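Worksheet: the structure to be examined is printed underneath.
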Amino acid sequence: MDCKIPYTFFGGPKMNDRDTTAFDSRRKDKVRALLAGGLVLGIGAAYTLAAWTDNEWVFGGAGPDDNNPGTKVYAMEQNTVAPFAAGTWTDEPEANGGYLDFTVQAASLLPGDTVYAPFQLRAKAGSEALTVSLAEARQATVPAVGDANSTALYEALTVQAWVNVGAADCSDGGDQTGGEVLVAAASDLDTVGAAPFDLLAGAAGAAGAPVDLCFALTLPAGTSDVTLQGKNVIPLWRFTSVVGS
């Protein structure tokens, strides 16, 4: 008897029921694999799109001239060396500060004597305008209190001060009536200023115009405490500036 092997129309062997079941199972596995592959491909495509993200940065400016946020200069300086040459301006932010010269007579005061010291303040080069006040007046702590820095003499002396009194009139024979009183006559040494005054800004980054000040120290007539003899004292004054208009 001839043994005939069945063939399908596409030239392959005809499958029985068991073969058909196995084929269907394999086909389903392939479909699942393809679907899973499609999911993986889909995730990969999402990451690819994220790599195309565009960014826009901005930074802080200040006005139309390409400036940036910042601050300006607000500072003053002093000149205690009459006749106030250009090279004698200094910045003295810490006590005891600049040396205010009341002349050699100040070292040998007698009751009734008054001694004077002129000086100037101005806005530093590049500074904005400032408003200034005599904010603090006190006895120095360096050197330590003692005969060289006597609290008793500090309490015995009085002070008077003016704004806009120049060096020529800051003297016993000078005319202080043209100035504004900063500290009234016969005030205690710890008296602060009566009113603020202005320091103007300079043009084109230059220093501002100087403002004249004049201080006067007096050992009042009638001072009779003989223990004040042979003593010295170091009074301090602090000027503070704020932004002007």
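Only the coordinates and a few stated rules stand behind these numbers; no lab work does. Bear in mind that the values here come from a model prediction, so they are computed numbers and not experimental data. Ideal geometry is used to build each Cβ from the backbone, glycine not excepted, and the neighbour counts take in all protein chains shown.
Each residue in ASP113, ASP225 was given a count of other beta-carbon atoms within 10 angstrom of its own, and listing them fewest first yields ASP225, ASP113.
Both radii come from the Cα set of segment 74-201: Rg as radius of gyration, Rh as Kirkwood radius; their ratio Rg/Rh reads 0.95.
Average 1/r across all pairs of distinct alpha carbons in segment 105-156, invert it, and you get the Kirkwood radius: 14.7 Å.
How high is the relative contact order of segment 76-243, given as a whole-number percent (alpha carbon pairs under 8 Å, six or more residues apart)?
Relative contact order here is 35 percent.
Amide H contacts of SER150 (H built 1.01 Å from N, in plane; Pro and chain starts excluded): ASN232, VAL233, ILE234 sit under 5 Å, all sequence-distant by 5 or more or on other chains. Residue by residue, segment 54-59 carries 3J(HN,Hα) couplings of 9, 10, 10, 9, 9, 9 Hz when phi is fed to the Karplus relation 6.51 cos²θ - 1.76 cosθ + 1.60 (θ = phi - 60°); x denotes Gly or Pro. With each label modelled as a point 7 angstrom along the Cα→C-beta vector, the ILE234-ASP175 pair spans 3.8 nm. Computed over neighbours whose Cβ is under 15 Å from that of THR223, the net charge equals -3, Lys and Arg +1, Asp and Glu -1. Of all beta bridges that DSSP places with both ends in segment 73-228, some 95 percent have antiparallel geometry.
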